[in-house]
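Have a look at the structure that comes next, please.
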């Protein structure tokens, strides 16, 4: 009875080894995994690009909103400029994050996509050319050894079965010797069975050992062939890992804004603007513009001057105000061509009351009395009052005759020259002064600039 057989032997620890038949598939699967990892990296970068864009857009919106609030708010002076500089920083940083987004999409993603296309070649029937070549190489290298392995496994099984039969026969023989009911002939047969089982065990053992020896002789060649194919897979994987490392370094360079000179410049400028804030200058500015430092035209005694009296209120253009005159008006009546030439007369149906009805004749506390422009202060009037200087104006020439309808209107003939002292109001009237010194209103479309 052989003592080399152990039916309690545990499972083989090398069952999951690369050298086991078919376990090369994990090495082949790396080609599929490598292609998928390229897709994963591109998806990862695209998501990061969206985050960069969203952050940049949020910075821009935040900056725009707060810039408006600060500019319309009560803060003033150099501190306001420093505060606004924070908004400028946000806008510039937003631009940098938009650049990061563009670099990720236009450079990094495209680089991975192009490398993936060059490294993995899809087949019409599915899968990749590189994976198929690797699998065929592993199958070819494994085929002779796999055949010997099957023969060895069969011999091993036969040997183990023979050992089991020998053990059972020996047990029956031992029991027969202790039982009185077993005849000598039966004991003899049991003994012969044991001898036969021992012979079978010996033959199975020799065959098992021989097949194992043949397998062992085949193993070195098997290992060499498998390693050659595996090295080819490794070379492709080296390219992928090297490329991935370089790609990640490029990604890091695009993401790391601290290495960007523009980024450092933004914060240097922000710091300079903040440090330039001057409290004393801001207080002085506020005092000069909203405090005791403001200019004031203090009241002084003013002599009456009829030439510089305040101009009367502007007249409202009546409903029948003169149309824009034309130098030639005609129409055809039958075969007669009838022409009309200026002057034109204003419609007599428009009364002076109609033209002045928009102005109230009653005085109230809410109305300001007409102010006189005094020259005792060197011609300096109140900055909140209208300044109607009589010494300035634009020379104009009358196109048509006009007879003033009210006391505050001028009268002139076509060709007369006068000085326009105030521009046309919304009702179509101008204020002017004749050469004799008389001032009044006249229709703006009755004159032309000289």
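For the list (1) closer than 30 Å to residue 29 by Cβ; (2) at pLDDT below 95, I need the number of the one condition that residue 251 fails.
(2)
Tally up the residues in segment 394-403 that are surrounded by 15 or more Cβ atoms within 10 Å (Cβ to Cβ) and part of a loop (DSSP other than H, G, I, E, B), please.
Summing the residues that are surrounded by 15 or more Cβ atoms within 10 Å (Cβ to Cβ) and part of a loop (DSSP other than H, G, I, E, B) in segment 394-403 gives 3.
Report yes if some residue within segment 177-189 is assigned to a helix (DSSP H, G or I), in contact (Cβ under 8 Å) with a residue 40 or more places away in the chain and in the same structural domain as residue 200 (by TED's automatic domain parsing); otherwise report no. Full working, then the answer.
Of all residues in segment 177-189, those assigned to a helix (DSSP H, G or I) come to 177-178, 184-189.
Going one step further and asking which of them are in contact (Cβ under 8 Å) with a residue 40 or more places away in the chain, we end up with none.
The answer is no, given that none of the residues of segment 177-189 is assigned to a helix (DSSP H, G or I), in contact (Cβ under 8 Å) with a residue 40 or more places away in the chain and in the same structural domain as residue 200 (by TED's automatic domain parsing).
Also, quick follow-up: Pick from segment 38-47 the residues that are out of contact with any helix residue (DSSP H, G or I) (no Cβ under 6 Å at 6 or more places or on another chain) and in contact (Cβ under 8 Å) with a residue 24 or more places away in the chain: which of them is surrounded by the most Cβ atoms within 10 Å (Cβ to Cβ)?
For segment 38-47, the residue satisfying everything is 46.
Residues are listed down the side, and each one gets a yes or a no for (1) surrounded by 14 or more Cβ atoms within 10 Å (Cβ to Cβ); (2) within 24 Å of residue 239 (Cβ to Cβ); (3) in contact with a strand residue (DSSP E or B) (Cβ under 9 Å, 6 or more places away or on another chain):
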position: 52; (1), (2), (3): yes, no, no
position: 66; (1), (2), (3): yes, no, no
position: 70; (1), (2), (3): yes, no, no
position: 78; (1), (2), (3): yes, no, no
position: 110; (1), (2), (3): no, yes, no
position: 126; (1), (2), (3): no, yes, no
position: 129; (1), (2), (3): no, yes, yes
position: 135; (1), (2), (3): yes, yes, no
position: 140; (1), (2), (3): no, yes, no
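Looking at segment 108-115, can you tell me whether even one residue there is at pLDDT below 95 and either out of contact with any helix residue (DSSP H, G or I) (no Cβ under 9 Å at 6 or more places or on another chain) or not assigned by TED's automatic domain parsing to the domain that holds residue 221 (or both)?
no
Suppose the filter is part of a helix (DSSP H, G or I), touching a helix residue (DSSP H, G or I) at 6+ places or on another chain (Cβ under 8 Å) and closer than 23 Å to residue 253 by Cβ; does residue 86 pass it? If you could, list the steps in order and put the result at the bottom.
Working: part of a helix (DSSP H, G or I): yes; touching a helix residue (DSSP H, G or I) at 6+ places or on another chain (Cβ under 8 Å): yes; closer than 23 Å to residue 253 by Cβ: no.
For residue 86, the condition - part of a helix (DSSP H, G or I), touching a helix residue (DSSP H, G or I) at 6+ places or on another chain (Cβ under 8 Å) and closer than 23 Å to residue 253 by Cβ - is not met.
Among 231, 200, which is the only one that is part of a helix (DSSP H, G or I), in the same structural domain as residue 40 (by TED's automatic domain parsing) and surrounded by 12 or more Cβ atoms within 10 Å (Cβ to Cβ)?
After applying the criteria, what remains is 200.
Then there's this: Test residue 154 against the stated conditions and say whether it is assigned to a helix (DSSP H, G or I), within 30 Å of residue 236 (Cα to Cα) and assigned by TED's automatic domain parsing to the domain that holds residue 225.
Taking the combined requirement at face value, the residue does not satisfy it.
Oh, and also: Within segment 258-272, does at least one residue satisfy the condition of being more than 26 Å from residue 52 (Cβ to Cβ) and either over 27 Å from the mean Cα position of the chain (by Cα) or not assigned by TED's automatic domain parsing to the domain that holds residue 93 (or both)? It would help to see each step written out before you state the result.
So the first thing to find is which residues in segment 258-272 are more than 26 Å from residue 52 (Cβ to Cβ), and the list is 272.
After this cut, where a residue has to be either over 27 Å from the mean Cα position of the chain (by Cα) or not assigned by TED's automatic domain parsing to the domain that holds residue 93 (or both) as well, the list is 272.
Yes, because at least one residue in segment 258-272 is more than 26 Å from residue 52 (Cβ to Cβ) and either over 27 Å from the mean Cα position of the chain (by Cα) or not assigned by TED's automatic domain parsing to the domain that holds residue 93 (or both).
In segment 133-151, is there at least one residue being in a helix (DSSP H, G or I) and more than 30 Å from residue 30 (Cβ to Cβ)?
yes
The values are calculated or read from the model by the stated rules, or taken from the named source; none is laboratory data. Keep in mind that what you see is a predicted model, and the values were worked out from it rather than measured. Cβ: placed from backbone, ideal geometry, glycine included. Neighbour counts: every protein chain shown.
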